[in-house]
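The values are calculated or read from the model by the stated rules, or taken from the named source; none is laboratory data. All of these numbers come straight from a predicted model, not from anything done at the bench. Here the Cβ positions follow ideal geometry from the backbone for every residue, glycine too, while neighbour counts run over all protein chains shown. Heads up: the accessible areas ignore ligands, DNA and RNA and are worked out on the full protein's heavy atoms, side chains in. Shrake-Rupley method; radii C 1.70, N 1.55, O 1.52, S 1.80 Å.
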Amino acid sequence: MSEQTIKFHISGMHCVNCAGTIERRLKDLQGIKSVRVNFSSATGIVTYDSNVTNKSSITKYVKDIGYEAKEQVRLDQTSKSYIQMGWLVFSILASVAMMVLMYVPMPEIIHAFMPYVLMSIATATLVGPGMDFFISAYKSAKNFSANMDVLVSMGVLSAYLYSTLAIFGVFGMAGHAFFETAVMLIAFIRIGKYLEERVKGRASHALQKLMKLQSDKARLLSPEGKELEVMASSIHAGDKVIVRAGEIIPVDGEVVEGISSVDESMVTGESMPVVKQKGDSVVGATINKTGVLTIEATRIGEETVLSQIINMVEEAQMDKAPIQRFADMVSNVFVPVVVGLSILTFVCWYFVFYNFAGQLPFLWALKMAIAVLVIACPCAMGLATPTAIMVGSGVGLDRSILVKRASALEGIAKVDTIVFDKTGTITEGHFVVTDIITSGAVSESGLVTLAAAGCAFSNHPLAQSVTEEAKARKLTWDAVQDFREETGSGIACQYQGKDLLIGNEGLLAAHGIRIDRQELYDRGQSLLYVAYDRIYMGVLGLMDKIKQNAREVVSRLKQMNIRAVIITGDSEQVAKSVASEVGIDEYRARVLPAEKREIIKDFQRQGKKVGMVGDGINDAPALAQADVGIAIGAGTDVAKETGDIVLVKNDMMDVVRAIQLGRQTLSKVRQNLFWAFFYNVIGIPIAAGVLYPLFGISLKPEYAGLAMAFSSVSVVTNSLLLKRIFLQ
């Protein structure tokens, strides 16, 4: 058996039920092993047995279902969002126009033609903004399914057809046109469609940002030893490239000549540059900081680390559950039940209770049946989730919490595990001097002065932090001479005519200087030893500064019964020290980007709902894999694009506030859905006329339409109450 996987872009989907229909129908196709269809990104991943079926057969079958599948391309959804916005504006303007024409006094001559003007506006709305619903309903019926668009279409068409027949006198004087019901129903549902389309356009942004990180150009070293500037995409495995200080490394490869510090924060998330010399591997899109490197390309194209990160983000987004509304989940039961009740209403009034009607049985039965369809139109159910999420998102934005995906608020309300990246999330991503231990030959200020003098000419993060410490102490120093950075070891120079060394143990040992060991390693600090005039002077301990309210955030999460975990690419000592400092009991150290994602998946396999908080490119796969990705606003663009929620202020406490907001929003969604269904439970029997035989109470279709509109207003009003919540 030859198993293959293909990615498709699928067009023509109108709701999450469309994605479910495609999955269900494709699974029935012989040779298909697995199918995943994501409505929000309009993509599908199909694994199949190539001995049984092939790509063309799969795409043809998808077309037969009623959709179109093309091999995966990353499309810009902006134009589609504009189309949805245009239809939304059209339907709203049509609704406003109808209200004005119906309730603003008009001259008698205009009033005579008013029904036909209203019919024209309704017709234009049906064939314009409403057409998507009819197409979706047709596809749903064709595939023996029933989504909410089926009921929307039936309700809209019932109101429209009844009103059309009424203005032409089919119902006599009793007939009353209510075109506004059809138009307003379309406008209300269009709001939800527009919100969905905006979310769908988010999927490709993170991937586009990642692709831009790769260097466009490369300095190819020819066999003759000449440097040729070429496109990075033209490099092949085995080619050698030259990378100078400050340049982006264009390929994954191995250093064959040179020594330098490389900023690998893109991969590891750690701010400390890593020394690279002959035999070491390097990753494309990382930055060469100091020396010149000659690199032999080993991995190109889809094999590079950056491409693998892109694929991981893409696959994790595919695994993420699409935006699902409770109303859509029950639609396969609700829609047929309502249609059945409508038919039953007609049959009962026409054949059984016609003596109670008091007028022509057929017309009475028809109006009762239409009233059932119209009052059951799922406008309130369709608005229950998007309006609450829209208001909740606005509340979050007012408090600098940017909610990017509609499902994120519901997702974060259910998280029971929060995984924190360390650098830039729990810590500031900036080193500070925490300990100063002298040998006794110099004072603390003297030791800092010596260290600052040597570090002043270096752009290494540790050196810059030492210089900042000296400036904070208002210390001054003379300029050094013969400055040189010994990559991977430290700094050597002349200060006031004498040798000055600042660096690690190896640097001082290489110059024959004995160190009085200090036990600072247990705290996970980075150590800078200082020697002057061949005499050991002391050591500076530096540590990434922990954010001010990190401990309080962890304490609040524990009170909310949420488990907190740290994952970092840093050492065991550093991870343990930071976790202890903020009160987190669980941590994972020396974790690579792919491993971060696997840790998230492992938690999910245990049945946990996981929120991932991160700020770096290396966090993107984990952010995408998590049930909710929470990106720090001060982090990279890629992290912010991949995350579902962005904490704009870079305040850790906003993690707690986002969870509170999610829980409050989910509560509103549940309230909305309850009242929407309760309304149907009460409204449908009244519309069907169950109270008429005993109390003479009936509901005309136009009043049923008004009741339907009122239910939508009540849902929106309840959602707006979210603005009154307080986030601590």
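Structural remarks
- Odd one out for MET612 among (1) crowded, with 24+ Cβ neighbours inside 10 Å; (2) over 26 Å from VAL305 (Cα atoms); (3) modelled with pLDDT of 85 or more: (2)
- Residues within the range 166-204 that are more than 21 Å from ALA94 (Cβ to Cβ) and modelled with pLDDT of 70 or more, tallied: 3
- Among all positions in the range 87-95, there is at least one residue which is assigned to a helix (DSSP H, G or I), closer than 11 Å to ILE186 by Cα, touching a residue at least 60 places away in the same chain (Cβ under 8 Å) and open to solvent by 40 Å² or more (accessible area, probe 1.4 Å).
- Only one entry in SER577, SER555 is farther than 16 Å from MET653 by Cα and either at pLDDT 85 or above or assigned to a helix (DSSP H, G or I) (or both), namely SER577.
- One residue from LEU402, LEU409 being under 30 Å from SER714 (Cβ atoms), modelled with pLDDT under 90, hydrophobic (A, V, I, L, M, F, W, C) and open to solvent by less than 20 Å² (accessible area, probe 1.4 Å): LEU409
- Any hit, the range 412-419, residues being assigned to a helix (DSSP H, G or I), open to solvent by 50 Å² or more (accessible area, probe 1.4 Å) and touching a residue at least 40 places away in the same chain (Cβ under 8 Å): no
- Enumeration of residues in the range 539-573 that are out of contact with any His (no Cβ under 7 Å at 6 or more places or on another chain), open to solvent by 20 Å² or more (accessible area, probe 1.4 Å) and touching a residue at least 60 places away in the same chain (Cβ under 8 Å): MET543, ILE546, ASN549, GLU552, ARG556, MET560, ASN561, ARG563, GLY569, ASP570
- Pairs linking a residue in the range 216-229 that is farther than 15 Å from ASN288 by Cβ to a residue that is open to solvent by 100 Å² or more (accessible area, probe 1.4 Å) and not acidic (Asp, Glu), with Cβ atoms under 6 Å and 6 or more positions apart or on different chains, are GLU229/LYS217.
- When restricted to residues that are closer than 25 Å to ASP544 by Cβ, in contact (Cβ under 8 Å) with a residue 12 or more places away in the chain and not in a loop (DSSP other than H, G, I, E, B), the range 472-486 contains 2.
- At least 1 residues being open to solvent by less than 50 Å² (accessible area, probe 1.4 Å) and modelled with pLDDT under 85 is the threshold, and among the strands (runs of 3 or more DSSP E) wholly inside the range 487-538 those reaching it are 526-532.
- All of LEU592, LEU557 fail the test of being touching a strand residue (DSSP E or B) at 6+ places or on another chain (Cβ under 7 Å) and under 20 Å from THR423 (Cα atoms), apart from LEU557.
- All positions within the range 97-110 that are surrounded by 12 or more Cβ atoms within 10 Å (Cβ to Cβ) and either β-branched (Val, Ile, Thr) or in a helix (DSSP H, G or I) (or both): ALA97, MET98, MET99, LEU101, MET102
- Scope the range 630-681; condition in a helix (DSSP H, G or I), at pLDDT 85 or above and β-branched (Val, Ile, Thr); matching residues: VAL655, VAL656, ILE659, THR665
- Residue match in the range 441-454 (condition: surrounded by fewer than 15 Cβ atoms within 10 Å (Cβ to Cβ), in contact (Cβ under 8 Å) with a residue 60 or more places away in the chain and among the hydrophobic types (A, V, I, L, M, F, W, C)): yes
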